[in-house]
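Q: I have a structure here, written as structure tokens, and I will follow up with some questions on it.
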Amino acid sequence: MDDTTRTASERTASDTSGTLSTGTPTTGTHTSGALTSGTLDEALERLHSFGPERGGWLSNHAPMAVEALVRHGQAPGVHRWLDHYRNKLEDMPDRFAEVTPANWREALGDPRRIADWTAYFERETAGRPWREVLAEWWPRLLPGIAAGATHPVIRVGHCVRTLLSAGQNAPRIAELAHALGYWAARHQPLPPLSLLAPAPSAAAALDAVAPVPDPSGGIRDRLGQLTGFPLWPGQPVTDPETARARLQELVRAATHRYATYGYGEPVMLVHAATAPNAVLRTLPALPRELWAPSLGAAWAASAAVTAAYTPAGPAAHAAVSGGLSAEEVFARAAAHGDDHTIKFTDTALDIGDATALTAAIRSIELNPPAL
């Protein structure tokens, strides 16, 4: 249902409240009950008439943010949040030329083909199980994980998390088609990279990432300056469970690092954590032989964002005060309303320790509120 036709009375009937909670969510975090209430599916249906970008390359974060809001007990305010976000949405671009199994390679990475790629994945997911489509395309898309400033893979991660935890239906399968279509259209491999001195941990590896020489341009200009990253993990990883453990370590390290380095670029540096976490969320839906290469791509994405936006040094920060629970921290992010803050706090809650919650509070402090 389009947001211009959904009346206030309809919102009241389905949502029970028009505001985002500023206290403890009404449902527990990471449960499927809220996801099956209908609010997320309704929100996705509102969003699927719009494209994944605005202004030529800025990403539409709404599908990711609403998934996090619903998951963490903030469903009553989702449609109000979407009403505020409406001016950042643009219609889906016109079709350019059909993507087919015969010509997909020439269409890969062509942003003019966003609508064509979305239609392609709608056909693919209509004819085959979604996991089969994902497994086929994941290794094809993974080298372009930096696409759209990592937003396409993040969108895939949010969608897959819902499919795994709450089951499939038409809006959720359509969301996967939109996410994969966006990734294929914006597919952007990083430049050839040298392997630098190995690092003993993910945190040390992120600390050893050198900033790009010229940080004055946008992310595409900055990524073009990359030449090499520290070798991490130090030994090749082939075992799937080891790959998952190292990926968890990377998400934790990048989330923690935001607490002291996020001030350098509060919006963009969240992706150093949210991109690898999207990969981590997708692993259970993938064949296990894809887990190890997924770790390598996730490290490249996190390191690339770090190189592009990290400041010269850390800044002091205060620990979370008042004994705030994870639910209370997320409720603050929801009331703040910024899409990047919501998504980063969602990742911080996956980590769940005091430093991660502190990093989430820092994102609330550093980013301008949207509500």
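Q: Under a Cβ-Cβ cut-off of 13 Å, what is the net charge of the residues other than ARG140 that fall near it, where Lys and Arg count +1 and Asp and Glu count -1?
A: Here the count lands on -1.
Q: Would you tally the net charge around ALA174, using a Cβ to Cβ cut-off of less than 14 Å, leaving ALA174 out, and scoring K and R as +1, D and E as -1?
A: Its environment carries a net charge of -3.
Q: Filter the GluC sites (Glu not before Pro) in region 64-105 to those in DSSP coil with at most 15 other Cβ atoms within 10 Å of their Cβ, and list the result.
A: GLU90, GLU98
Q: Would you work out if region 161-201 is rounded, prolate or oblate? Take a ≥ b ≥ c from the square roots of the eigenvalues of the alpha-carbon gyration tensor; rounded if a/c is under 1.5, else prolate when a/b is larger than b/c, oblate otherwise.
A: In terms of gyration-tensor shape, oblate.
Q: Would you mind getting the accessible area per residue of region 166-254, heavy atoms of the protein chains only, 1.4 Å probe, in Å²?
A: Result: 45 Å² of accessible area for each residue.
Q: Here's a follow-up. Which value in deg cm²/dmol, rounded to the nearest 500, describes the helix-derived mean residue ellipticity at 222 nm for the chain, given -39,500 (n - 2.57) per DSSP H run of n ≥ 4 and division by the residue count?
A: One gets -16500 deg cm²/dmol as the mean residue ellipticity at 222 nm.
Q: Restricting things to Cα coordinates, could you compute the convex hull volume per residue of region 27-151 in Å³?
A: 126
Q: Now for a separate question. Within the accessible area of region 145-204, what % is carbon and sulfur when the probe is 1.4 Å and the other protein chains stay in place?
A: Using a 1.4 Å probe with all protein chains present, region 145-204 comes out at 65 percent carbon and sulfur.
Q: Follow-up question, since we're still on this one. By its C-alpha gyration tensor, with a ≥ b ≥ c as the square roots of the eigenvalues, how is region 167-295 shaped: rounded for a/c under 1.5, else prolate for a/b larger than b/c, else oblate?
A: oblate
Q: Under the rule of at least 5 residues apart or a separate chain, name every residue whose amide H is placed under 5 Å from the amide H of LEU231.
A: Placed amide hydrogens put LEU196, ALA197, ALA199 under 5 Å from LEU231.
Q: Now a separate question. With a 1.4 Å probe and all protein chains in place, put MET64, MET92 in order of accessible area, largest first.
A: Sorted descending by solvent-accessible area, the residues read MET92, MET64.
Q: To continue, here is another question. Please report the relative contact order for the chain, taking Cα pairs under 8 Å with a sequence separation of at least 6, and give it as a percent rounded to a whole number.
A: Dividing the mean separation by the residue count of the chain yields 19 percent.
The values are calculated or read from the model by the stated rules, or taken from the named source; none is laboratory data. Keep in mind that this is a model prediction, so the values were computed, not measured. Neighbour counts run over all protein chains shown; Cβ positions are idealised from the backbone, glycine included. Surface accessibility is based on the protein's heavy atoms, side chains included, excluding ligands, DNA and RNA. Shrake-Rupley method; radii C 1.70, N 1.55, O 1.52, S 1.80 Å.
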